[in-house]
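> Pasting a structure below so you can have a look.
The values are calculated or read from the model by the stated rules, or taken from the named source; none is laboratory data. These figures come from a predicted structure and were not determined experimentally. FYI the Cβ positions are ideal-geometry reconstructions off the backbone, even for glycines, and counts take in every protein chain you see. Calculation scope for accessible area: heavy atoms of the full protein, side chains included, ligands and nucleic acids excluded. Shrake-Rupley method; radii C 1.70, N 1.55, O 1.52, S 1.80 Å.
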Amino acid sequence: MTEHILVIIKPDGMLKGHAGHVLARFEETDLLLVGGRVVKVTRELAETHYAHLKDKPFFAELIRFLMGELHNNQDMVLALIFSGEDAVKKGRAIAGATNPELAEPHSIRGSLGRVTTKGVFENVIHVSSDALEGEREIKLWFSPDEVAREIFPSKLVAGRKAWL
Ligand code: UDP
Ligand code: MG
C-alpha cells in the first residue's frame with residue numbers, strides 16, 4: 001500500500017551535519033520525495049508534534065531537544081515527506097530502533113545517535129511510525145501548497161489551499 005511519512009532531521013542531526021547522509025540513505029530506496037522544508041521549531045509545534053507523549057517523564061526534555069535547546073539552539077530542522085509502497089517499514093528500517101544503543105549498528109540512529117546522561121535519546125531523525133501518524137504529522141508540518149503531489153485531499157479557503 002502507498003504510504004506517506006514525515007521524516008525530520010532533528011537538531012542533533014542538523015548540528016552535526018548529517019542531513020545529506022540521511023537524504024542519501026532515503027534516495028537509495030524507491031520512495032519518492034514529495035516535500036521538503038527547513039522549519040523553525042516553536043514550542044507549540046514541538047508540543048503538538050509530540051502531544052501523544054505529554055505524560056511521559058522525558059516529555060519536557062524531549063521538547064527542549066526538538067527545539068534545539070540541547071544543541072547550541074539549533075532550532076531549524078529539515079522536514080521531508082516521502083511517499084511510496086510500505087514507506088513506514090522502509091523509513092523505520094533506515095532509522096533503526098528508538099533507543100540508539102539498541103538500534104541496528106548500520107541504521108541512522110545506531111551509527112549516529114547517542115543517549116544523553118539525562119536519558120534523552122538523541123536519535124538524529126524522526127520517522128512516522130504508521131500511516132495515520134504520517135498523515136497527522138504531514139498536515140501539521142506542511143500546507144497543501146508545500147507538497148508537490150496531491151497526497152491528501154485539500155480545499156480552497158479564501159484563495160488558499162487547506163487540508164480537509
Ligand atoms: N524518547 C526518549 N526517551 C524514551 C523514549 C523516547 O528520549 O524513553 C524520545 C526519542 O527522541 C524519540 C521520541 O522521544 O524519538 C519519540 O518517541 P517514540 O516512542 O515515538 O519513538 P520513535 O517513533 O521516534 O522511534
Ligand atoms: Mg514515534
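> Based on what the data block shows, is residue 126 under 17 Å from residue 16 (Cα atoms), surrounded by 12 or more Cβ atoms within 10 Å (Cβ to Cβ), of a type outside the set (S, T, N, Q) and more than 16 Å from ligand 2 (Cβ to nearest atom)?
Numbers: under 17 Å from residue 16 (Cα atoms): yes; surrounded by 12 or more Cβ atoms within 10 Å (Cβ to Cβ): yes; of a type outside the set (S, T, N, Q): yes; more than 16 Å from ligand 2 (Cβ to nearest atom): no.
No, not satisfied.
> Scan region 61-72 and tell me whether some residue there is open to solvent by less than 20 Å² (accessible area, probe 1.4 Å), touching a residue at least 60 places away in the same chain (Cβ under 8 Å), of a type outside the set (Ser, Thr, Tyr) and within 16 Å of ligand 2 (Cβ to nearest atom).
Our first condition is that a residue be open to solvent by less than 20 Å² (accessible area, probe 1.4 Å); within region 61-72, this holds for 62-63, 65-66, 68, 71.
Next, from what is left, pick out any that are touching a residue at least 60 places away in the same chain (Cβ under 8 Å): 71.
Subsequent filtering for residues that are of a type outside the set (Ser, Thr, Tyr) retains 71.
Cutting the leftovers down to within 16 Å of ligand 2 (Cβ to nearest atom) gives us none.
Scanning region 61-72, I find no residue that is open to solvent by less than 20 Å² (accessible area, probe 1.4 Å), touching a residue at least 60 places away in the same chain (Cβ under 8 Å), of a type outside the set (Ser, Thr, Tyr) and within 16 Å of ligand 2 (Cβ to nearest atom), so the answer is no.
> Can you name the condition, by its number, that residue 92 falls short on among (1) at pLDDT below 95; (2) surrounded by 14 or more Cβ atoms within 10 Å (Cβ to Cβ); (3) among the basic types (Lys, Arg)?
(1)
> Specify the residue that is farthest from ligand 1 (Cβ to nearest atom); the eligible residues are those in region 117-154 that are more than 18 Å from residue 36 (Cβ to Cβ), touching a strand residue (DSSP E or B) at 6+ places or on another chain (Cβ under 6 Å) and of a type outside the set (A, V, I, L, M, F, W, C).
154
> Another question, if that's okay. Might you let me know whether region 103-111 holds any residue that is open to solvent by less than 60 Å² (accessible area, probe 1.4 Å), within 23 Å of residue 60 (Cβ to Cβ) and not polar (S, T, N, Q)?
yes
> Within region 119-163, how many residues turn out to be among the small types (Gly, Ala, Ser) and touching a helix residue (DSSP H, G or I) at 6+ places or on another chain (Cβ under 8 Å)? Reasoning before the result, please.
Of all residues in region 119-163, those among the small types (Gly, Ala, Ser) come to 119, 128-129, 131, 134, 143, 148, 154, 158-159, 162.
Narrowing further to those that are touching a helix residue (DSSP H, G or I) at 6+ places or on another chain (Cβ under 8 Å): 119, 128-129, 131, 134, 154, 162.
Total meeting the criteria: 7.
> Further question on the same structure: Against the definition (in contact with a Phe, Trp or Tyr (Cβ under 8 Å, 6 or more places away or on another chain) and either in a helix (DSSP H, G or I) or away from ligand 2 (no atom under 16 Å from the Cβ) (or both)), how does residue 37 come out, yes or no? Write out each step before concluding.
Working: in contact with a Phe, Trp or Tyr (Cβ under 8 Å, 6 or more places away or on another chain): yes; either in a helix (DSSP H, G or I) or away from ligand 2 (no atom under 16 Å from the Cβ) (or both): yes.
So residue 37 fits the description; yes.
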